[in-house]
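S.K.: Sending over a structure as structure tokens; questions will come in a sec.
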Amino acid sequence: FVLSRGCAIDSSLIAVVWQHSLRTGYLAALISLDQRAGQRIIWQSFVGGVLHDIGMLIFLIQQPQIFTSAVNIAQSRSWDLQLVERQMLGSTHAETGANFLARWDVDEVLLTTVACHDDPMKGPHAVFGPWTAVYAANLVEGGGMAQDGDGVIGGEGEAYLTRLGLWDDLPLWQGWMRSIHQLSL
């Protein structure tokens, strides 16, 4: 997020992405902790949650008008942001973020987590991992600049979480998110 300093973009947009990312990371770590994951997975869940929307930050810095237009179009027409990003920018924020982090030799698990945070079926989806925690936390958090999650998990997300035996935990996570919002991270 330091990379955005000095750029000609609205700082409130950066603040929205930052706050959403912190809350997502915190909730993802709590979800992993609740699943009795090991310390490494809990840490990867937190870091993955903080980094999951770094591609949005890159788009905001490199192509602010095009990205904000893509967000506005997706929101106003209830279209999938990933499809609009691909049409207008040639890549999704998840792919862009993962590609950026790969240049820094970021751990493969974190790359997968960032790349799959909006679509867990693109990654390892048969077992719980940081990608699962970040996917669920991102949707439950419901905020972020693009409202890529509005707090409501659709059919594909329900099937994914059900397959992993996590669907019944959703109300617990939503309660945690309400508490996190009260902390004003």
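The values are calculated or read from the model by the stated rules, or taken from the named source; none is laboratory data. Since the structure is predicted, the reported quantities are computational estimates derived from the model, not experimental observations. Here the Cβ positions follow ideal geometry from the backbone for every residue, glycine too, while neighbour counts run over all protein chains shown. Accessible surface areas use protein heavy atoms only, side chains included; no ligands, DNA or RNA. Shrake-Rupley method; radii C 1.70, N 1.55, O 1.52, S 1.80 Å.
S.K.: Which residue, S69, V84, V114, has the largest displacement toward the positive end of the dipole of region 38-181 when charges sit on each Cβ (Lys, Arg +1; Asp, Glu -1)?
M.R.: After comparing all options, I get S69.
S.K.: Can you run phi through the Karplus equation (6.51, -1.76, 1.60; θ = phi - 60°) for region 163-173 and list ³J(HN,Hα) in whole Hz, with x for Gly and Pro?
M.R.: 4, 8, x, 10, 4, 5, 7, 3, x, 4, 5
S.K.: Here's another thing I want to ask about it. Go through region 122-130 residue by residue and turn each phi into a ³J(HN,Hα) via Karplus (6.51, -1.76, 1.60, θ = phi - 60°); whole Hz please, and just put x for glycine and proline.
M.R.: 7, x, x, 10, 8, 9, 6, x, x
S.K.: Same structure again: Which value, in Å² and to the nearest 10, is the accessible area of R178 when all protein chains are kept and the probe is 1.4 Å?
M.R.: Roughly 150 Å² of R178 is accessible to a 1.4 Å probe.
S.K.: Let me ask something additional. Can you give the extra length, in nm with one decimal, that the chain gains between R36 and R163 once fully stretched, where that is 0.36 nm per residue apart less the Cα-Cα distance?
M.R.: So the extension gain works out to 43.9 nm.
S.K.: So, one more: Apply the Karplus parameterisation 6.51 cos²θ - 1.76 cosθ + 1.60, with θ equal to phi minus 60°, to every residue of region 42-50 and state each ³J(HN,Hα) to the nearest whole Hz, in sequence, with x for glycine and proline.
M.R.: Each residue's phi maps through the Karplus curve to give 4, 5, 4, 5, 5, 5, x, x, 5 Hz.
S.K.: Taking every eigenvalue of the Cα gyration tensor of the chain, multiplying by 5 and rooting it, what semi-axes result, largest first, whole Å?
M.R.: That gives 25, 17, 17 Å for the three semi-axes.
S.K.: Under a 10 Å cutoff between Cα atoms, tell me which one of P64, P124, P171 has the largest fluctuation in the Gaussian network model of the chain.
M.R.: Looking only at P64, P124, P171, the biggest GNM fluctuation is shown by P171.
S.K.: A further question follows. Cut-off 10 angstrom, C-alpha nodes, Gaussian network model of the chain. Which of W43, W18, W167 fluctuates the most?
M.R.: W167
S.K.: D80 versus K122, label points 7 Å from Cα toward the beta carbon: distance in nm?
M.R.: Once both label points are built, they end up 1.0 nm from each other.
S.K.: At 222 nm, what helix-only mean residue ellipticity would the chain give, in deg cm²/dmol to the nearest 500, using -39500 (n - 2.57) for each DSSP H run of four or more?
M.R.: -20500 deg cm²/dmol
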